[in-house]
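In what follows, a single structure is set out as structure tokens and then discussed.
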Amino acid sequence: MFTSPNLNYALLAPILIVLAGALLGVGVEAFARKELRAPLQLGIALLSVAAAFLQLMRVRDQRSITAAIDSFSFDGATVFMQAAILVLSFFAILLISDGGNFTAQASAIPGSEDEHSSIAEGKSQTEVFPLTLFAISGMMLFPAATDLITLFVALEVLSLPLYLMAGLSRRRRLLSQEAALKYFLLGAYSSAFFLFGGAFLYGYSGSLSLNSIAIAISSNTGNDIFLLLGIVFLMVGLLFKIGAVPFHAWTPDVYQGAPTPITGFMAACTKIAAIGAMLRIFYVALAGDQVQWRPIVTVISIVTMLVGAIAAMSQRDVKRTLAFSSIAHAGFLLTGIVALNQSGLKASLFYLVAYGFATIGAFAVVTLVRDSAGEVTDINRWVGLGKKSPLIAGSFCLFLLSFGGIPLTSGFIAKFSIFTAAYESGNTSVVVFGVLTSAIALFFYLRVIVMLFFTEPKSDAVTVSVPSVKVSFVVAASVIVTILLGVYPSLLLNSAQTFATFLR
Amino acid sequence: MDISNYIYLSAILFTIGAIGVVVRRNAIVVFMCVELMLNAANLAFVTFSRINGNLDGQIASFFTMVVAACEVVVGLAIIVTMYRSRRSASVDDASLLKR
């Protein structure tokens with residue numbers, strides 16, 4: 001006997017709206033006239049993200065674990081993370097649409113006659129918008145999914161478009177394609193680990209759902225070897241996505257090679273989705289087996305912070321530097337998972353938002369610093385930028401200070417609350433290393449600030465292009481959020497407190 | 001035959017795939033190794049489904065197949081573009097980003 005599944009469309013609507021926008025975008029790409037495509041795609045992308053956000057706000061107080069049988073949990077943490085992803089991707093879409101970052105024809109061979117003619121004829125493809133929307137829908141589903149298959153499908157739905165988007169850069173196309181290849185091969189490798197881990201958790205518990213796995217762990221019925229194998233393999237897949245050591249090798253290459261707006265999108269939103277899913281898996285499904293995984297995650301967290309902070313110092317490329325800074329932040333975020341208490345969840349949610357806004361703002365600034373050949377990411381050529389354009393360099397410094405965790409920026413509150421949570425749960429070691437690493441990282445951030453403001457500019461022509469309305473909006477909004485959350489953290493901390501729940 | 005042998009087989013296939021990814025140099029072969037790993041996971045799912053006496057694992061393997069097919073589409077697109085611009089599918093040649 002089949003009973004028809006009971007779907008609660010109101011709660012699933014935010015994801016469905018974004019997916020519908022993506023499908024519409026595919027249609028536009030195929031049928032609309034060349035000159036209409038770009039504005040249409042941008043409109044569809046922004047509208048669907050905004051509509052999804054409004055719908056999410058409309059149903060934000062409803063709670064259900066049966067919205068899609070038992071594969072999708074609509075709880076506080078889901079609402080909070082989906083909202084954060086939607087707002088940040090709205091910013092990212094604005095950056096993506098801001099001209100000239102994407103190749104006219106991804107299939108043309110770099111430097112070939114074909115490419116020249118397609119540029120000369122003014123051909124342009126705008127497939128990046130539907131791809132972005134598909135990725136967003138996967139990111140929204142990933143932290144909300146409560147069974148292993150939905151998790152796996154969401155992981156792939158968010159990753160596959162990103163692999164392609166990493167290869168779409170207009171300039172330095174060989175680097176961009178190489179980034180796409182590396183991201184794809186390593187991403188596919190890690191998702192195979194994720195799936196294999198899932199198979200063993202299924203073997204252990206006899207069920208794919210996170211709740212049943214938790215029940216199986218607490219009743220201690222299954223084969224413990226399967227459980228351990230399952231946890232370890234699942235963890236490899238997840239740690240890869242957030243870029244934790246020792247699975248971080250792809251991060252600097254992909255961040256450097258991908259078009260800068262995509263890097264910003266990837267850095268901010270993928271991190272939210274992957275940390276969100278990791279939090280749910282460890283808090284809901286595996287909390288009963290913490291004696292086994294907590295030491296592992298603690299060590300990985302410490303090593304990740306250290307490697308990120310120390311390696312960032314020796315980088316000469318701004319995007320690689322930001323990549324290593326994002327690796328260090330993955331380490332800080334893992335302390336929220338080690339904490340394993342309600343304040344850990346609250347702090348992680350706050351941290352993700354604070355980090356997301358500073359990141360997208362920082363990459364928005366990177367798109368502005370140019371010479372005649374395109375973006376300049378060599379840090380030695382940024383010297384003295386503060387004298388040429390104090391406003392842009394100043395906001396970049398603000399984001400760096402927030403990454404470093406200086407008081408009166410959002411980063412300080414985020415770090416403070418996540419370390420407090422870890423300390424409350426008795427994990428002093430991770431807190432000690434966290435604070436020490438913050439100090440190391442701060443040294444490096446301050447060095448960049450000194451370079452920007454207190455060093456005479458060299459003669460070579462690096463200019464800050466006049467930001468368009470869209471980019472100015474993104475930078476300004478990120479600056480405001482970064483300061484506001486540093487000065488009045490209760491604005492967001494209170495709602496993080498209210499929404500920091502996982503339904504079981 | 002003891003059903004747990006299928007689990008061993010799946011673990012062996014997974015290991016072959018995982019080592020292959022690390023050792024092989026041609027992007028297509030690396031990708032085939034990843035597919036082998038996915039299929040090893042599928043075999044594990046189906047075997048556990050038999051052991052546990054429910055159908056969840058078999059459903060899971062269908063989803064894996066569909067996802068693997070999507071991955072092939074995206075992956076081959078990336079590898080072919082790479083090959084056309086460099087005349088080589090070796091992952092060792094893709095080293096411009098290393099410093």
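Each reported figure results from applying straightforward, stated rules to the coordinates on display, with no laboratory input. Owing to the predicted nature of the structure, the values given are computational and were not obtained by experimental measurement.
Per residue, the protein assembly as shown reaches -24500 deg cm²/dmol at 222 nm when only DSSP H runs of four or more residues are counted, each adding -39500 (n - 2.57). Relative to the longest principal axis of the Cα atoms of chain B, the long axis of helix B:27-52 makes an angle of roughly 10 degrees. Averaging Cα coordinates gives a centre for region A:397-469 and one for region A:1-30; these two points are 40 Å apart.
Determine the relative contact order of region A:9-499: mean sequence separation of Cα pairs under 8 Å and six or more apart, normalised by residue count, in whole percent. RCO, region A:9-499: 15 percent. Rounded to two decimals, the Cα-based Rg/Rh of region A:1-81, with Kirkwood Rh, is 1.11. One way to sum up the overall shape of region A:3-148 is the equivalent ellipsoid from its Cα gyration tensor, whose semi-axes run 35, 14, 13 Å, largest first. For chain B, the longest principal axis of the Cα atoms and the long axis of helix B:56-86 meet at an angle of about 10 degrees. Rg/Rh for region A:343-434 (Cα atoms only, Rh after Kirkwood) is 1.12. Between region B:1-79 and region A:57-76, the C-alpha centres lie 32 angstrom from each other.
With the Kirkwood sum run over all distinct C-alpha pairs, region A:247-328 has a hydrodynamic radius of 14.0 Å. Taking a ≥ b ≥ c as the square roots of the eigenvalues of the alpha-carbon gyration tensor, region A:337-389 is classed prolate because a/c is 1.5 or more and a/b outweighs b/c. Take the alpha carbon atoms of region A:135-153, find their center, do the same for region A:199-269, and report the distance between the two centers in whole angstrom. One Cα centre to the other: 12 Å.
Classification of region A:113-197 by its C-alpha gyration tensor yields an oblate form. The axis ratio a/c (a ≥ b ≥ c) is 1.5 or more, and b/c is at least a/b. For region B:26-86, the relative contact order comes to 34 percent (Cα pairs under 8 Å, sequence separation of at least 6). Can you tell me the 0 to 90 degree angle between the C-alpha axis of helix B:4-23 and the longest principal axis of chain B, rounded to 10? It is inclined by approximately 10 degrees.
Chain A has equivalent-ellipsoid semi-axes of 35, 28, 21 Å, by the square roots of 5 times the alpha carbon gyration tensor eigenvalues, sorted largest first. The orientation-averaged projection of the convex hull spanning the C-alpha atoms of region B:26-86 amounts to 3.9 square nanometres.
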